[in-house]
Amino acid sequence: MNLSSQAGTVSRHRSKAGAPRRHGGRRRWVRWVGVAIIVALIGSLIWYVGPLYHHGPKRLVSSFTPVADTWVSTASPDTNYGGQPILRTRGIPKVRTYLRFDLHGLSSRVTKATLHLWARTSSSAGYRVHPVADTSWNEYKLASKTAPVYGTASAASGPFAANRWTTVTVTKFVPGNGLVSFALTGTGQENGRYDSREGTRKPELVVETSASTTAGDGPPAPSLQAALENVTAATAYRYGARDNVGNSMETLKIVQNPAGGYLGVYHSRSNGVLSVKAATSTDLLHWTYRATLDPHASQPALAALSDGGFVLVEEADNKGVGAPTRTWLRFRHYPNLQALLTSRSDRVFDAPHTLVPPRSGAEGTPSIDLAKLAPDLDHSTITIGFHYFKQARVDRQASGTLVNFSSWTTRARTDVDAALTAQAVTGNIGDRDQVAYQDATTEVIEAQATTASAWQIYLYDPASRRATPLHVRTHKGSKSFANPTVTSLRAPSGASALVVTLFLPLSGAASGEAGELIYYREYGARPTGSDPVIVAAGDTACESDRMVTQTTCHQQATSDLAIRLAPTAVLALGDMQYERGGLQGFQNAYDRSWGRLKRIIHPVPGNHEYLSAGARGYFDYFGAAAGDPQNGYYSFDLGAWHLIALNSQCGWVSGGCGPGSPQERWLKADLAAHHNACTLAYWHEPRFSSGQHGSNPNYDAFWRDLYQANADVVLVAHDHDYERFAPQDPDRRPDTNRGIREFVVGTGGKNHYRFKAAQPNSQVRNGDTFGVLELTLHPTGYSWRFVPEAGKTFTDSGSTACH
């Protein structure tokens, strides 16, 4: 939508040739023989294929090529070999290959995974494949000196000949949906050489998954038109979206965040000035403002690049001055996620006008169709769609390509204009987005029947060059829709989804529906096992400048462990970032370790979070996942269980924690409203502990309410140790019938504390091992296991039925 075209509205803008038939009796026997052969072939095919589909569980097979690969050598520890057409392995000197695959899109349990490499050389010993926990390495920066460590577990290829595909089964290293990294090592002085993703025969990871999960196959994939048109059938939605600081989120474009969750770019108006902003989300609906990327700009589009960077394209304005007002396309490059979220672009390209006069008119409302590095920004291709103000009369469609971030060319999209004109559109043809879905690429476009008409949405099929009007149905019946974006991604549940954003102008919006609308539609199976698995730990990350020692700052090791366990959810038990829990600390330290699991983290604050005034850094970092910043407590269901996150920082939470406090009244109401078979509560400071801080009676009211409601488990931290208690009542009496079992899990990595005298009912204690607690939440009980970091042997395990 052109800003100048709607006053008062902020928006973003083959043929078959017939062959003669032969006749005659002398050819009939040929036809009969042919029929017999076909019947025999069909019978053989049914005999061969039949068992695949009619016996045993159905399987789906997906093939992935690397999103990054390179090799490193200890002989040249500072040299990067990214972007080469080959990969290498050798034992002496040590030459290793690294590969990363993006498995987003898997919708069920992995049953088999095989890695295929094209060998350019023969080998009598072959290579070995190791898991790599770190999935954030950069193909074009990685060198031996900075290469991530790989696991001791491995899988072997065995001997192979040259110019052949090699195959290694790596199922145990592929937990499921998400990023996965491998390291390849050789032996002796054999030089292994293989095709890379830049080579002729790219590596492949072939993943076989079960076609369904215990949760069922899930809803079938809707047609794109059905997903766009029916907001009332969406899995979730939000009208009039704003970020956590109150900025409107117009022209919001959402993409998957490589670090977990989602990224969004949008614009807002303040004092008559449009600014482009960035935000993050864990649930697609609630957004945490992170940075203003550009004042005097609007209509942003964002794409992630293969090297971990991002490209932003926006409509830049003339700072509100000029006659007539000019707008043009601006490209910004950000080298990494941190740079994007702190507004530190390192390259800018302002595209000159090509389809309108150079000192007047408008070109804007970009969407990104392609962003490819080969291998870096100076060897790149970025293709976008945009509109231009044709002959200063109406907006029309165009395509532009920026090559090597320096050479700009454009062309008018007369095919799109013609398709919309065929639908009686004579007004503006504005913003659009492109989505690949169900083996087809489709464009979603806004247009006006006349320049005075309400904005409507159309689907454009590039294959047939036809446009189809959409009839969007909202809950209250809004009539005007603009600035469409559509993205295919993973929903917060893990299921496949289409997420849509539309701007609803005030003039055509029903009551309460004006502004930015976000909605998404899930389909297919959710990638969950039969029982959810949670990982829990607290007292986690040192400051980024602190050295790792034998007894301190092991947050990387414990987060690597958590990633390998592939949990359904992570419960972060407070004091996640030392010493003051500020946002910069979270971004510079916690984010690099446990932040890799951020998409599935459900946190509670600790005392160190509140050393940053109001725990602002904590709430800004975790966003909606942390609950209301004024309270910090919330609840949710996971499988058959009800989970309750409480705020133990009584001096900061409104009304404290005692009987009759707002939080205690909320807890009672929440327990009364949920009748799950099993209940788990968690907060930071222990009610009972044999550790340095000891037991804290401030949480007696919590324990009594939970006990009265037959809760089963409490998880806490604060004391930097591991301790398990027997089920007990509020007065410390053993109670195997209704008692609550408490686990203290302050083993996230910061350091260790010594124990004091053992408290009543304390069953297991350890004060020298970092690790995590793994809980499997069965429908009527739970199993627990303390999992130590690599090199440690202490563990603790068991199982109990719920009350």
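The values are calculated or read from the model by the stated rules, or taken from the named source; none is laboratory data. If you're wondering where the values come from, they're calculated on a predicted model, not measured in any experiment. Note: ideal-geometry Cβ built from the backbone for every residue, glycine included; neighbour counts use all protein chains shown. Accessible surface is based on the protein model in full, side chains and every heavy atom, while ligands, DNA and RNA are left aside. Shrake-Rupley method; radii C 1.70, N 1.55, O 1.52, S 1.80 Å.
So the values come out like this:
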| quantity | calculated |
| --- | --- |
| Strands (runs of 3 or more DSSP E) fully within segment 366-419 counting 3 or more residues that are more than 25 Å from HIS267 (Cα to Cα) | 407-412 |
| Residue satisfying all of: in segment 735-760; out of contact with any helix residue (DSSP H, G or I) (no Cβ under 8 Å at 6 or more places or on another chain), among the aliphatic types (A, V, I, L, M) and not in a loop (DSSP other than H, G, I, E, B); surrounded by the fewest Cβ atoms within 10 Å (Cβ to Cβ) among these | VAL745 |
| Which numbered condition THR354 misses (of (1) part of a loop (DSSP other than H, G, I, E, B); (2) within 25 Å of the chain's Cα centre (by Cα)) | (2) |
| Verdict on VAL180 being closer than 30 Å to GLU789 by Cα, hydrophobic (A, V, I, L, M, F, W, C), open to solvent by 20 Å² or more (accessible area, probe 1.4 Å) and at pLDDT 85 or above | no |
| Condition met for ALA452 (modelled with pLDDT of 90 or more and assigned to a loop (DSSP other than H, G, I, E, B)) | yes |
| Hits in segment 211-236 - residues which are surrounded by 16 or more Cβ atoms within 10 Å (Cβ to Cβ) and at pLDDT 85 or above | LEU224, ALA227, LEU228, GLU229, ASN230, VAL231 |
| Of all residues in segment 100-123 being at pLDDT 90 or above and part of a loop (DSSP other than H, G, I, E, B), the one that is surrounded by the most Cβ atoms within 10 Å (Cβ to Cβ) | ARG120 |
| Residues satisfying the stated conditions in segment 481-496, i.e. in a strand (DSSP E or B) and within 12 Å of the chain's Cα centre (by Cα) | SER488, LEU489, ARG490, SER496 |
| Only one of ARG687, ARG665, ARG724, ARG732 that is part of a helix (DSSP H, G or I) and open to solvent by 10 Å² or more (accessible area, probe 1.4 Å) | ARG665 |
| Some residue of segment 421-432 being assigned to a strand (DSSP E or B) and closer than 17 Å to ALA371 by Cβ | yes |
| Evaluation of ASN676 against (1) modelled with pLDDT of 95 or more; (2) among the polar types (S, T, N, Q); (3) not in a helix (DSSP H, G or I) (one fails), failing number | (1) |
| Which numbered condition VAL394 fails, given (1) at pLDDT 95 or above; (2) of a type in the set (A, V, I, L, M, F, W, C); (3) open to solvent by less than 40 Å² (accessible area, probe 1.4 Å) | (1) |
| Failed condition for THR442, given (1) open to solvent by 10 Å² or more (accessible area, probe 1.4 Å); (2) not in a strand (DSSP E or B) | (2) |
| Long-range neighbours under 9 Å by Cβ, at least six apart or interchain, first residue among the acidic types (Asp, Glu) within segment 636-665, second part of a helix (DSSP H, G or I) | GLU664/ALA701; GLU664/PHE702; GLU664/ASP705 |
| Answer from LEU377, LEU355, LEU340 - the residue that is more than 30 Å from GLU198 (Cα to Cα) and not hydroxyl-bearing (Ser, Thr, Tyr) | LEU355 |
| Sole exception among (1) assigned to a loop (DSSP other than H, G, I, E, B); (2) surrounded by fewer than 22 Cβ atoms within 10 Å (Cβ to Cβ); (3) of a type in the set (Gly, Ala, Ser) for SER478, by number | (2) |
| Matching residues in segment 783-800 - criterion: being outside any strand (DSSP E or B) and either at pLDDT 85 or above or of a type in the set (Ser, Thr, Tyr) (or both) | GLU789, THR793, PHE794, THR795 |
| Test: residue in segment 413-422 that is open to solvent by less than 20 Å² (accessible area, probe 1.4 Å), among the acidic types (Asp, Glu) and more than 27 Å from the chain's Cα centre (by Cα) | yes |
| Selection count where residues are of a type in the set (A, V, I, L, M, F, W, C) and surrounded by fewer than 16 Cβ atoms within 10 Å (Cβ to Cβ), scope segment 124-165 | 6 |
| Residue match in segment 89-99 (condition: open to solvent by less than 70 Å² (accessible area, probe 1.4 Å), basic (Lys, Arg), on the phi < 0 side of the Ramachandran plot and touching a helix residue (DSSP H, G or I) at 6+ places or on another chain (Cβ under 9 Å)) | yes |
| Residue list for segment 270-302, restricted to those being in contact with a Lys or Arg (Cβ under 6 Å, 6 or more places away or on another chain), under 18 Å from GLU315 (Cα atoms) and at pLDDT 95 or above | ALA278, THR292, GLN299, ALA301, LEU302 |
| Some residue of segment 500-519 being of a type outside the set (Val, Ile, Thr), modelled with pLDDT under 90 and within 26 Å of ILE600 (Cα to Cα) | no |
| Strands (runs of 3 or more DSSP E) within segment 554-647 that include 2 or more residues open to solvent by 20 Å² or more (accessible area, probe 1.4 Å) and touching a helix residue (DSSP H, G or I) at 6+ places or on another chain (Cβ under 9 Å) | 634-638 |
| Filter result (farther than 27 Å from ALA709 by Cβ, open to solvent by less than 50 Å² (accessible area, probe 1.4 Å) and of a type in the set (Val, Ile, Thr)) within segment 773-803 | VAL787 |
| Among (1) open to solvent by less than 20 Å² (accessible area, probe 1.4 Å); (2) at pLDDT below 90; (3) touching a helix residue (DSSP H, G or I) at 6+ places or on another chain (Cβ under 8 Å), the one test that SER544 misses | (1) |
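Table: residues versus (1) open to solvent by 40 Å² or more (accessible area, probe 1.4 Å); (2) under 21 Å from ALA371 (Cβ atoms); (3) not in a strand (DSSP E or B).
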{"residue": "LYS253", "(1), (2), (3)": "no, yes, no"}
{"residue": "TYR266", "(1), (2), (3)": "no, yes, no"}
{"residue": "VAL276", "(1), (2), (3)": "no, yes, no"}
{"residue": "THR280", "(1), (2), (3)": "no, yes, no"}
{"residue": "LEU284", "(1), (2), (3)": "no, no, yes"}
{"residue": "ALA291", "(1), (2), (3)": "no, yes, no"}
{"residue": "SER298", "(1), (2), (3)": "no, yes, no"}
{"residue": "ALA316", "(1), (2), (3)": "no, yes, no"}
{"residue": "ALA339", "(1), (2), (3)": "no, yes, yes"}
